[in-house]
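To start, the structure under review is shown below, and the notes come after it.
Values quoted throughout were computed directly from the atomic coordinates according to the rules given, and no laboratory measurement underlies them. Because the structure is a prediction, the values reported are computed rather than measured. A quick note on method: Cβ atoms are made from the backbone with ideal geometry, for glycine too, and the neighbour counts reach across all protein chains shown.
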Amino acid sequence: MKKRKEKEHPLFTEVTAGAVRQGFKLAATPAALEEGLYEALRANVPVVDAAISKLVRLTGGFKICCDNKQIQMQLEDFFSQLPVSVSGSSLNTFMEIYLDSLLTYGRAFGEILLSENTRSVSGLYCADCTLFGARYTSEPDGFELFNRLTGEKIPCAHPERILYTAANPTAKKPGGTSLLRGLPALSSILMRIYETVGQNFDRAGNVRYAVTYLPKSESEAAFAKERASEIAREWSSGMAASKAGNIKDFVAVGDVQIKVIGADGPVIDTEVPVRQLLEQLIAKLSIPPFLLGLTWSTTERMSSQQADILTSEIDYYRRLLTQPLMKIIKMHCDMQGIDDRVWLEWENVNLQDAESLARARLYNAQAAQIENGTSGDADNAKGGEM
């Protein structure tokens, strides 16, 4: 009797499903709490979330190049329709999700899914890196996966299908460090400032009134309670009428004072401290302020310098992404028997770089033309003298 072949499940999806069934009853580790702060930071500070989204988009797309143009068209068609988890399709979609995890947590995990029927690449899976980790083994170039909640090793039958990238690794944290490291402390101060601004607006923006009745004599003081109640009713009636859009005057007898509550207290100016904190955040994220809608500087030279810094950061992320992307492409080529040389060609960071290069080439050409013309005139003058 022929033995039934068991269906092979992807590693990350199977481990994640098993962990969800167990309910994660263990206490949270310091690393898990730190990663929770990163998620809360992106959810509560729009500038941080916008900066990471800008980095993902500015990293840009890429084109798969091959010496054989026909094979290149086949590769582009295949990878443009390759499923990526439940997020969509195309290798570019996988790159965006992979880079988002890499920037937020300092590491990214993925898996190449194979079809049992066609024995070819059937899809890509981006794993939740908060559930998994990688650590080195005794082998020089080996590493193993482990559960970050339990610390147990995750057995992997096909390590060649695993995609793993670490950003900004250090000797203490070889598994990578997040781009948001060091920002939670500053962000907590920024959030407190925003919270106090909201409280001050509730205090001074939502106008409330204090109506005070001061009796002038003992005879008026005897009826102070009744008159205060009548003033309160008339005042409430006038406020209700104005809320409904009707104008109703308030008439009182005696010494009645009406003041706005909180009008005497000045609202603290938060522009300077908020800008100082945002400068620290943006310096860590390496995003020029004008890309986030912050008009701090309007000089052309400052924008050019910031664009150069941003370009170097994007080149670093592209170098990190090239390795897992080429691993996916080469695995598909090996399984399809494609022997031609294949490489990735990244798009320009933006049009400003191409424009600057074109302008520089124009200036060099004009300078060379002027120099050649000047030297030619000089030679003609020498020839005339002789």
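Taking a point 7 Å from the Cα of Glu39 along the Cα-to-Cβ direction, the residues of the range 147-176 with backbone N closer than 15 Å to it are 148-149. Amide H contacts for Val84 (H built 1.01 Å from N in the peptide plane; partners 5 or more residues away or on another chain; cut-off under 5 Å): Ser89, Ser90, Leu124. Measuring r between the beta carbons of Gln199 and Glu279 and using R0 = 25 Å, the FRET efficiency lands at 0.50.
For the range 209-260, the relative contact order works out to 64 percent when only alpha carbon pairs closer than 8 Å and six or more residues apart are counted.
Run the dipole for the range 147-188 about the Cα centre, Lys and Arg Cβ at +1, Asp and Glu Cβ at -1, nothing else charged, and hand back the magnitude in debye, nearest 20. Before the final figure, lay out each step's value.
On the way: 6 positive and 2 negative charges, 24 e Å.
In total the dipole reaches around 120 debye.
A Förster radius of 30 Å combined with the Cβ-Cβ distance from Arg359 to Cys65 puts the calculated FRET efficiency at roughly 0.65. Evaluated with a Cβ-only charge set (Lys, Arg +1; Asp, Glu -1), the range 307-352 carries a dipole of roughly 180 debye about its Cα centre, given to the nearest 20. When each of the peptides 99-111, 45-57 is scored by the mean number of other C-beta atoms lying within 10 Å of its residues, the order from highest to lowest reads 99-111, 45-57.
Computed from point charges on the beta carbon alone (+1 for Lys and Arg, -1 for Asp and Glu), the dipole magnitude for the range 86-201 about its Cα centre is near 380 Debye. Please give the Cα centre distance for the range 158-195 versus the range 67-82, rounded to the nearest Å. Going from one Cα centre to the other spans 35 Å.
The convex hull around the C-alpha trace of the range 209-260, projected and averaged over every direction, spans 3.5 square nanometres.
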